[in-house]
1. In segment 62-93, what residues are of a type in the set (Gly, Ala, Ser), under 16 Å from Asn121 (Cβ atoms) and exposed (fewer than 14 other Cβ atoms within 10 Å of the Cβ)?
2. Which of the residues spanning segment 1-20 are within 20 Å of Glu138 (Cβ to Cβ), part of a loop (DSSP other than H, G, I, E, B) and among the aliphatic types (A, V, I, L, M)?
3. Could you tell me whether segment 21-34 includes any residue that is farther than 19 Å from Phe136 by Cβ, surrounded by 14 or more Cβ atoms within 10 Å (Cβ to Cβ) and not assigned by TED's automatic domain parsing to the domain that holds Leu156?
4. Find the residue count for segment 97-126, including only residues that are under 17 Å from Gly70 (Cβ atoms) and either of a type in the set (S, T, N, Q) or not assigned by TED's automatic domain parsing to the domain that holds Pro69 (or both).
5. Looking at Ser72, Ser137, Ser159, which is the one that is among the hydroxyl-bearing types (Ser, Thr, Tyr) and within 22 Å of the chain's Cα centre (by Cα)?
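The values are calculated or read from the model by the stated rules, or taken from the named source; none is laboratory data. Keep in mind the model is a prediction, meaning the values are calculated, not measured. Cβ sites come from the backbone with ideal geometry, for glycine too, and all protein chains shown count toward neighbours.
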Amino acid sequence: MNVTDICNLALSYISKERINSLNDNSEEAKECKIHYDHCRRRLLLAYSFGFAKSIHKLAELEPERYKIPGWSHLYAYPESTLTVHYVYDEEHAGNKEDCRMEYEIIMNGEFDRVIATNVENAYAECIHDVKEPDIFSEEFIDALAHMLAASIAFPLTGSANIQQTQLQLAQMALEAAEYQSAIERERRTKFPRKYAESRFR
């Protein structure tokens with residue numbers, strides 16, 4: 001499965017022609033090229049998917065040069081990171097969800113973004129900007145294809161009904177992807193509430 005395959009899956013959901021690549025000179029390819037990356041990043045930010053999770057030992061910035069009142073430590077924002085979910089030290093790595101430590105993402109003149117915290121020798125659990133489709137779960141691919149279909153539906157079909165249907169299917173597929181990711185966690189599994197309630201009734 002590659003980017004073109006996902007785009008063709010989305011196009012099939014709205015009954016449009018296949019493309020050979022995003023660089024094709026067709027309206028289908030142009031719309032997919034406009035919307036694909038935005039849809040991918042939106043879904044990656046929607047949940048802490050295991051395939052996108054990364055742990056970083058944060059690189060501290062020189063305290064003599066970089067100071068923000070109220071915070072004792074500043075760290076460089078990890079590259080290719082979409083968002084930070086937890087900042088913690090080694091002692092609290094096993095219970096970071098229960099012992100949440102304070103931090104703040106701040107814009108800095110020399111660095112685009114920095115992590116300000118009072119945690120010494122900090123680690124961060126992040127969501128990586130995963131671009132390789134072969135890393136995605138099958139459920140995530142389905143959600144991404146439906147989300148992309150919803151984004152390109154109106155420009156290509158002019159139908160708000162088709163767009164709305166694809167949005168609903170994208171939400172259902174996303175809940176399934178969240179559930180599948182949750183059951184792969186051994187420690188104190190927390191299922192997405194809405195999906196779990198409907199599944200276990």
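1. Matches in segment 62-93: Ser72, Ala93.
2. Listed by number, the list holds a single entry, Met1.
3. no
4. Adding up the residues that qualify gives 3.
5. None of the other options fit; the residue is Ser137.
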